[in-house]
Amino acid sequence: MKIVSVVGARPQFVKLAPIHKAAKSAGVEHVIVHTGQHYDPLLSDVFFEDLGIGAPDVHLGVGSGSHGVQTGSMLAALDAVFEEHRPDWVLVYGDTNSTVAAALSAVKMHIPVAHLEAGLRSFNRRMPEEHNRVMTDHAADLLLAPTQVAVEHLAVEGLAERTVLVGDVMTDVLYEVRDEVGSRPSALLEELGLEAGSFYIATIHRAENTDDPARLREVSGALGGLDKPVVLLAHPRVIAKAAEHGIDLAQGSLVPHAPLAYPELIAAALASAGVVTDSGGLQKEAFLLRVPCTTVRTETEWVETIELGWNVLANSADEIAAGVTRPRPADTEVAPYGDGNAAERVISVLQAQGPAESR
């Protein structure tokens, strides 16, 4: 059996790692296609190295651009890739432009598509990610759901017959990396002279928080006003936006820093007093690490983190401050995101479907 995985952004590289490992263990040929949607080496190449994935088999080098330009460029390039490899399955991840482009290209060529992390919904139609995940779910042949809530969303949309609950592959890699880094000090703490529990980790990257100068100024001001140093892991795009509009990312408590490789990110989060983010992946990682999280959004796909008290939504400066300084949530053994063996289930499900010519 041959599977082609298409990825293009940091959260997808994390999800790819356990899938690649499980495919190799099962003797499945696994071809990795990197669209180049995130082309900064620190957001791409380093993740492949640190997660033990190795270099992608194909790198499209698409780079940045508007949604239409970026998705169109991927579509044009992926047709040739799929024609060359003719896989039994194209596996797509999450909710990026890379995801929807690969799904559209494959279904037009009558190649079966499996969507990993299917069924997540924010119910916010202003988010490009929401359009991407809905369109991908309705185009795909197999929907690999990470949670029971996701399964229920897909059932409501009439997609129950295509749905399989496999758990969350990010849980797989998170647990593995957590165990590796837990016994060694965080390099970030040494670099910045910080002590465990004396700082917060923050990431802000979504368009609704960064594209409007007034909103970016509000969010950065809120972080700068917190009671402990806030290490802001700033994407190059956010740094450029702030510079363009004269917004100081080093104001008050803010300590801007380049993004971290995944193992160091997990080590830093473990050592922090809390996480402030608008990232879907980091919300969930914080929950799995049992680190309190404050999410700078009006909704989240990972509703279980809210229900269990380890995550709160915050929009204004006052809400962000209240969320970050709230009492530590009650400990819980509830595991809505699986047991760390989701990737093995994904490969087993794909193998059980058989090669393309037998279906």
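The values are calculated or read from the model by the stated rules, or taken from the named source; none is laboratory data. Since the structure is predicted, the reported quantities are computational estimates derived from the model, not experimental observations. Counting neighbours? That spans all protein chains shown, and the Cβs are built from the backbone with ideal geometry, glycine included. In case anyone asks, the SASA skips ligands and DNA or RNA and just uses the protein heavy atoms, side chains included. Shrake-Rupley method; radii C 1.70, N 1.55, O 1.52, S 1.80 Å.
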Pairs where the first residue, in the range 222-240, is touching a residue at least 40 places away in the same chain (Cβ under 8 Å) and the second is open to solvent by less than 10 Å² (accessible area, probe 1.4 Å) and of a type in the set (G, A, S), C-beta under 6 Å, 6+ apart: L223/A202; V230/A202
Selection count where residues are open to solvent by 10 Å² or more (accessible area, probe 1.4 Å) and under 22 Å from M127 (Cα atoms), scope the range 98-109: 1
A286 vs. criteria without any contact (Cβ under 8 Å) to a residue 12 or more places away in the chain and of a type outside the set (D, E): no
Condition met for L232 (surrounded by 16 or more Cβ atoms within 10 Å (Cβ to Cβ) and more than 24 Å from G119 (Cβ to Cβ)): yes
The range 339-359, subset surrounded by fewer than 18 Cβ atoms within 10 Å (Cβ to Cβ), out of contact with any Gly (no Cβ under 9 Å at 6 or more places or on another chain) and charged (D, E, K, R), residue modelled with the highest pLDDT: E357
Residues being among the small types (G, A, S) and surrounded by 15 or more Cβ atoms within 10 Å (Cβ to Cβ) - total across the range 46-97: 4
Residue satisfying all of: in the range 172-212; touching a residue at least 60 places away in the same chain (Cβ under 8 Å) and of a type in the set (G, A, S); farthest from T300 (Cα to Cα) among these: A187
Tally, over the range 308-336, of residues that are surrounded by fewer than 12 Cβ atoms within 10 Å (Cβ to Cβ) and not in a loop (DSSP other than H, G, I, E, B): 1
Matching residues in the range 203-248 - criterion: being in contact with a His (Cβ under 9 Å, 6 or more places away or on another chain) and not in a helix (DSSP H, G or I): T203, I204, H205, V231, L232, L233, A234, H235
Looking only at the range 176-206, and only at residues there that are within 23 Å of the chain's Cα centre (by Cα) and open to solvent by 60 Å² or more (accessible area, probe 1.4 Å), the one that is farthest from L270 (Cα to Cα): H205
